[in-house]
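The values are calculated or read from the model by the stated rules, or taken from the named source; none is laboratory data. Quick caveat: nothing in here was measured; it's all calculated off a predicted structure. Glycine also receives a Cβ, built like all others from the backbone with ideal geometry; neighbour counts cover every protein chain displayed. Quick note on the areas: whole protein, heavy atoms, side chains included, nothing else; ligands and nucleic acids left out. Shrake-Rupley method; radii C 1.70, N 1.55, O 1.52, S 1.80 Å.
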Amino acid sequence: MKMVEERYRFFKNAFFIMLGVLLSFLILVFIITFFTIGGLSTFRDRVAVVEISGIIASSREIMKELERYGSDPYVKAIVLRIESPGGGVAAAQEIYNAVLKLKEKNKKVVTSMGAVAASGGYYIACASDRIVANPGTITGSIGVIAQFINFEELLSKLGLKGYVIKSGRYKDVGSPFRSMSEDERKLVQEVIDDIHSQFVTAVSESRKIELEKVIEIADGRFFSGRRAKEIGLIDELGDLNDAIKIASSLAGIKGEPYIIYPSRKFSILDLFFRKSSFSDYLKDSGITGFINVYYLSRPFGIR
């Protein structure tokens with residue numbers, strides 16, 4: 001019986017010793033992390049930088065970031081770093097509305113434009129409190145584009161013919177197997193004009209520019225950052241650091257804010273499931289069989 005009690009005390013003491021060592025280790029890790037990764041700065045007011053880059057095909061990840069910072073009481077301002085020629089209409093509009101919701105939570109939002117922030121990229125920027133661009137930034141390109149491709153003559157030369165069975169006369173508008181009729185062109189143009197009108201209205205209301213003046217330049221033309229400032233499309237000339245300083249000032253942050261930069265995420269699955277440039281081209285050209293409408297700028301020759 002005595003041996004059992006001694007063994008019990010031994011394991012009990014060993015358990016508490018191991019627990020103490022584990023707790024000491026965790027406390028040490030916390031202290032090292034606290035003083036090397038942010039330290040006391042994590043309790044300071046923050047400015048978060050959100051990157052919007054490339055063709056905007058989906059809004060999901062950007063909206064998750066914006067929602068997270070919107071609910072963080074320490075984040076007082078967000079800087080949108082836009083490096084994009086635009087993309088899908090709905091995606092741009094969803095991000096635009098997400099930015100407006102941030103402002104309703106008393107968060108200050110400033111846009112910093114990179115080399116290109118045009119069309120849908122500019123649409124998103126309009127929702128922010130202030131827009132900062134480099135003098136050589138390509139921006140503007142207020143307009144809508146839909147592209148179609150026709151294989152009719154090529155298929156004829158190959159001795160091939162496409163057949164479509166549909167429930168209504170407009171169900172296969174934009175089909176690559178035949179030419180588009182005038183009625184179909186008119187239908188597509190009406191949709192394009194409506195979406196374009198939404199873009200123009202958003203610019204007019206957010207930038208406080210008369211609608212007629214926006215219409216004058218809303219023909220797809222793009223501008224340098226310097227010219228965009230002259231006509232009121234942006235507010236300041238400067239870089240990302242300037243935008244961060246402006247955001248900090250607008251938010252009333254005293255002293256140097258703690259800057260949250262985007263984390264770089266990488267998955268090995270990206271190596272296997274990345275889209276090929278050819279498949280992207282097919283989708284962008286409308287060969288997939290759907291009508292793709294974009295807030296997208298095409299000044300590809302400008303770098």
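Are any residues in region 217-240 of a type in the set (K, R) and assigned to a loop (DSSP other than H, G, I, E, B), and if so, which ones? Write out each step before concluding.
Narrowing region 217-240 to residues of a type in the set (K, R): 221, 226-227, 229.
Matches in region 217-240: R221 only.
The conditions are (1) part of a loop (DSSP other than H, G, I, E, B); (2) more than 28 Å from the chain's Cα centre (by Cα); (3) crowded, with 16+ Cβ neighbours inside 10 Å, and G143 fails exactly one of them. Which is it?
(2) is the only condition that G143 fails.
Quick one: how many residues across region 54-76 are open to solvent by 70 Å² or more (accessible area, probe 1.4 Å) and aromatic (F, W, Y)?
Total satisfying the criteria: 1.
If you go through region 118-140, how many residues are under 18 Å from R207 (Cα atoms) and open to solvent by 50 Å² or more (accessible area, probe 1.4 Å)?
Going through region 118-140 one residue at a time, the tally reaches 2.
Scan region 92-112 and report the pairs whose first residue is farther than 24 Å from V144 by Cβ and whose second residue is surrounded by 14 or more Cβ atoms within 10 Å (Cβ to Cβ) and of a type in the set (S, T, Y), with Cβ atoms within less than 7 Å and a gap of 6+ or a chain change.
From residues that are farther than 24 Å from V144 by Cβ, the pairs are V109/S128; V110/S128.
Could we say that I95 is in a helix (DSSP H, G or I) and closer than 30 Å to I253 by Cα here? Lay out the reasoning, then the answer.
Working: in a helix (DSSP H, G or I): yes; closer than 30 Å to I253 by Cα: yes.
It is true that I95 is in a helix (DSSP H, G or I) and closer than 30 Å to I253 by Cα.
For E51, work out the one condition from (1) touching a residue at least 60 places away in the same chain (Cβ under 8 Å); (2) over 19 Å from P262 (Cα atoms); (3) surrounded by 15 or more Cβ atoms within 10 Å (Cβ to Cβ) it doesn't fulfil.
That leaves (2) as the condition not met.
Select, from K229, K186, the only residue that is under 25 Å from N134 (Cβ atoms) and open to solvent by 80 Å² or more (accessible area, probe 1.4 Å).
Numbers: K186 fails: under 25 Å from N134 (Cβ atoms).
Testing whether each residue is under 25 Å from N134 (Cβ atoms) and open to solvent by 80 Å² or more (accessible area, probe 1.4 Å) leaves just K229.
Can you tell me how many residues within region 77-86 are buried (at least 23 other Cβ atoms within 10 Å of the Cβ), assigned to a strand (DSSP E or B) and not β-branched (V, I, T)? Before you say what the answer is, go through the steps one by one.
Of all residues in region 77-86, those buried (at least 23 other Cβ atoms within 10 Å of the Cβ) come to 77-80, 82, 84-86.
From the residues that got through so far, the ones that are assigned to a strand (DSSP E or B) too are 77-80, 82, 84, 86.
Subset that is not β-branched (V, I, T): 77, 80, 84, 86.
The total comes to 4.
Would you point out the residue of region 61-76, among those that are among the aliphatic types (A, V, I, L, M) and not in a strand (DSSP E or B), that is farthest from I244 (Cα to Cα)?
Filtering region 61-76 for residues among the aliphatic types (A, V, I, L, M) gives 62-63, 66, 75.
Going one step further and asking which of them are not in a strand (DSSP E or B), we end up with 62-63, 66.
Values: I62: 19, M63: 20, L66: 16 Å.
Among them, the one singled out is M63.
Okay, residues lined up against (1) surrounded by 15 or more Cβ atoms within 10 Å (Cβ to Cβ); (2) modelled with pLDDT of 95 or more; (3) closer than 26 Å to Y122 by Cβ:
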position	(1), (2), (3)
G238	yes, yes, yes
A243	yes, yes, yes
L250	yes, yes, yes
E256	no, no, no
Y261	no, no, yes
L271	no, no, no
S279	no, no, no
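Just checking, how many residues over region 158-176 are without any contact (Cβ under 8 Å) to a residue 40 or more places away in the chain and surrounded by 15 or more Cβ atoms within 10 Å (Cβ to Cβ)?
First, pick out the residues of region 158-176 that are without any contact (Cβ under 8 Å) to a residue 40 or more places away in the chain: 158-172.
Still in the running and surrounded by 15 or more Cβ atoms within 10 Å (Cβ to Cβ): 172.
Here the count works out to 1.
Of the numbered conditions (1) touching a Ser or Thr at 6+ places or on another chain (Cβ under 7 Å); (2) in contact (Cβ under 8 Å) with a residue 24 or more places away in the chain, G140 fails exactly one; give the number of that condition.
Of (1) touching a Ser or Thr at 6+ places or on another chain (Cβ under 7 Å); (2) in contact (Cβ under 8 Å) with a residue 24 or more places away in the chain, only one is false for G140: (1).
Can you go through R207, R227 and tell me which one is more than 22 Å from the chain's Cα centre (by Cα) and under 27 Å from E51 (Cβ atoms)?
On the way: R207 fails: more than 22 Å from the chain's Cα centre (by Cα).
Just a single option satisfies the conditions, and that option is R227.
Could you check L155 against (1) surrounded by 14 or more Cβ atoms within 10 Å (Cβ to Cβ); (2) more than 20 Å from the chain's Cα centre (by Cα); (3) in a loop (DSSP other than H, G, I, E, B); (4) among the hydrophobic types (A, V, I, L, M, F, W, C) and say which number it fails?
Result: L155 fails condition (3) only.
So, E190, is that one acidic (D, E) and within 27 Å of A127 (Cα to Cα) or not? Lay out the reasoning, then the answer.
Details: acidic (D, E): yes; within 27 Å of A127 (Cα to Cα): yes.
So E190 passes the test.
Which one is most open to solvent (accessible area, probe 1.4 Å) among residues in region 210-226 that are in contact (Cβ under 8 Å) with a residue 40 or more places away in the chain and of a type in the set (D, E, K, R)?
Going through the qualifying residues, I end up with R226.
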